[in-house]
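The values are calculated or read from the model by the stated rules, or taken from the named source; none is laboratory data. Note that the structure is predicted; figures quoted are calculated from it, not measured. Please note: Cβ atoms are built from the backbone with ideal geometry, for glycine as well, and neighbour counts cover all protein chains shown.
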There are 2 protein chains.
Amino acid sequence: MEDNKNETSNIVWHQSDITKEDRQKLHGHKSLMIWFTGLSGSGKSTIANALQHELYKDGSSVYLLDGDNLRHGINRNLTFTEEDRKENVRRTAEVGKLFVDAGVVVLAALISPYAADREQARILFEPEEFVEVYVKCSLQECEKRDPKGLYKRARLGEIKQFTGISQPYEEPQNPEITIDTTVMSVKECVQEIQSYLKNKIHLREEE
Amino acid sequence: MEDNKNETSNIVWHQSDITKEDRQKLHGHKSLMIWFTGLSGSGKSTIANALQHELYKDGSSVYLLDGDNLRHGINRNLTFTEEDRKENVRRTAEVGKLFVDAGVVVLAALISPYAADREQARILFEPEEFVEVYVKCSLQECEKRDPKGLYKRARLGEIKQFTGISQPYEEPQNPEITIDTTVMSVKECVQEIQSYLKNKIHLREEE
């Protein structure tokens, strides 16, 4: 069956006559991927949601790909092994790329514990289109918060594969933005990101 | 490893505070999935592209998921076995659902030969959100056109799994729209679809 794989070479790329730039013009802003990575309970979804709200209020076409929600849809047939986490990140990045191509500011919030997988996600995009946000929070603090009670169950051995407990989390070395939710409020985190984005998503007047 | 699967039950759905309706309001129109199915060479990509162009000109936020292009991205690790074709359709439908949720009119153009798989795609959407377009064209005519030279190679046995030659194409029984590209021009096909969409994507004034 290996020859099936090679049939991909039979597939012709169809260039759409409506471009990413056309769609950005329609929406009135540039599109990019804002990738939130961090431990479970660090605050990724909360901050991404709050940022989404602010961008929407500004009139931007924005969409949040929440790792947990994707596990109910496109990624529902994936487990939590290292291999499947890799595929989880890959698919999310590919979906994000489609959204960026569609002219949408797309936010992705998922643990994405392995640096190599995040790097694979990044290289799908133009350099200025990918913004990695490290949602930093100590394991101790995440475990104290434990908003879904998952750390407790991981400690009890009820969840076998859990980042920070039985699987590693590789900290980003050069993220575009680091926000520390141990000391910053949600509002402060959002403002920090907005300030970074300021000149990145607005189309210049002459465009 | 089977217990990994069950960990999906640990995943909490995060409700975004920006809704599909909010995004539709921002874009000024409703969102839906227009699903083109038909044999290779029937004209799916051509017609979907032309329709996309018209919708864009009308100021709609529109995006085309082309089956061939997705095979270079989100679906790059899939082959052409029946099982993988099913997964190809499933992922495309799930991506489409995200776009509809994002307030975008999304077009999908892929052979999607199995009726059951298309049905699985349909049920992901609200009834009024899914429009199946059967791009009808006889095998004889598609083979005569053979724009990518694939039929020839399939007949020579160089491509083992090819819809219409060595794999079945199950005709849609109740598509919302049927367009016959043997007798209709691209322009006529697009007009037929636009006429169907007329009252479906515009938000009512009071909205």
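Just a few scattered comments:
- In a residue-by-residue description of region A:16-31, the property of being within 11 Å of chain B (Cβ to nearest Cβ), in contact with a strand residue (DSSP E or B) (Cβ under 6 Å, 6 or more places away or on another chain), at pLDDT below 95 and over 19 Å from A:Leu203 (Cβ atoms) applies to at least one position.
- Residue match in region B:55-68 (condition: farther than 23 Å from B:Tyr151 by Cα, of a type in the set (Phe, Trp, Tyr) and buried (at least 22 other Cβ atoms within 10 Å of the Cβ)): yes
- Residue selected from region B:177-189 under the condition touching a residue at least 40 places away in the same chain (Cβ under 8 Å) and out of contact with any Asp or Glu (no Cβ under 6 Å at 6 or more places or on another chain), by the criterion surrounded by the fewest Cβ atoms within 10 Å (Cβ to Cβ): B:Lys187
- Residue check for B:Val89: at the interface with chain A (Cβ under 8 Å from one of its Cβ atoms), surrounded by 24 or more Cβ atoms within 10 Å (Cβ to Cβ) and among the β-branched types (Val, Ile, Thr): no
- Count of region B:77-94 residues which are within 12 Å of the chain's Cα centre (by Cα) and within 16 Å of B:Ile123 (Cβ to Cβ): 6
- Test: residue in region B:109-121 that is surrounded by 22 or more Cβ atoms within 10 Å (Cβ to Cβ) and closer than 20 Å to B:Leu55 by Cα: yes
- Subset of region B:190-207 (residues that are assigned to a loop (DSSP other than H, G, I, E, B), of a type outside the set (A, V, I, L, M) and touching a residue at least 12 places away in the same chain (Cβ under 8 Å)): B:Glu207
- The number of residues in region A:66-84 that are free of Cβ contacts under 8 Å to residues at least 60 places away in the same chain, part of a helix (DSSP H, G or I) and more than 7 Å from chain B (Cβ to nearest Cβ) comes to 4.
- Search result, residues across region B:94-108 that are surrounded by fewer than 24 Cβ atoms within 10 Å (Cβ to Cβ) and facing chain A (nearest Cβ under 7 Å): B:Glu94, B:Lys97, B:Leu98
- Of residues in region B:146-163 being surrounded by 15 or more Cβ atoms within 10 Å (Cβ to Cβ) and more than 10 Å from every other protein chain (Cβ to nearest Cβ), the one nearest to B:Ile111 (Cα to Cα): B:Thr163
- Residue check, B:Tyr63 in a helix (DSSP H, G or I) and either facing another protein chain (nearest Cβ under 9 Å) or in contact (Cβ under 8 Å) with a residue 24 or more places away in the chain (or both): no
- Single condition B:Ala116 does not satisfy, out of (1) out of contact with any strand residue (DSSP E or B) (no Cβ under 9 Å at 6 or more places or on another chain); (2) within 11 Å of chain A (Cβ to nearest Cβ): (2)
- Some residue of region A:132-140 being modelled with pLDDT of 95 or more and of a type in the set (Val, Ile, Thr): yes
- Among residues of region A:46-104, those that are among the hydroxyl-bearing types (Ser, Thr, Tyr) and closer than 20 Å to B:Leu26 by Cβ, counted: 4
- Here A:Leu51 meets the list (1) closer than 30 Å to A:Ser138 by Cβ; (2) at pLDDT below 95 almost entirely, failing just condition (2).
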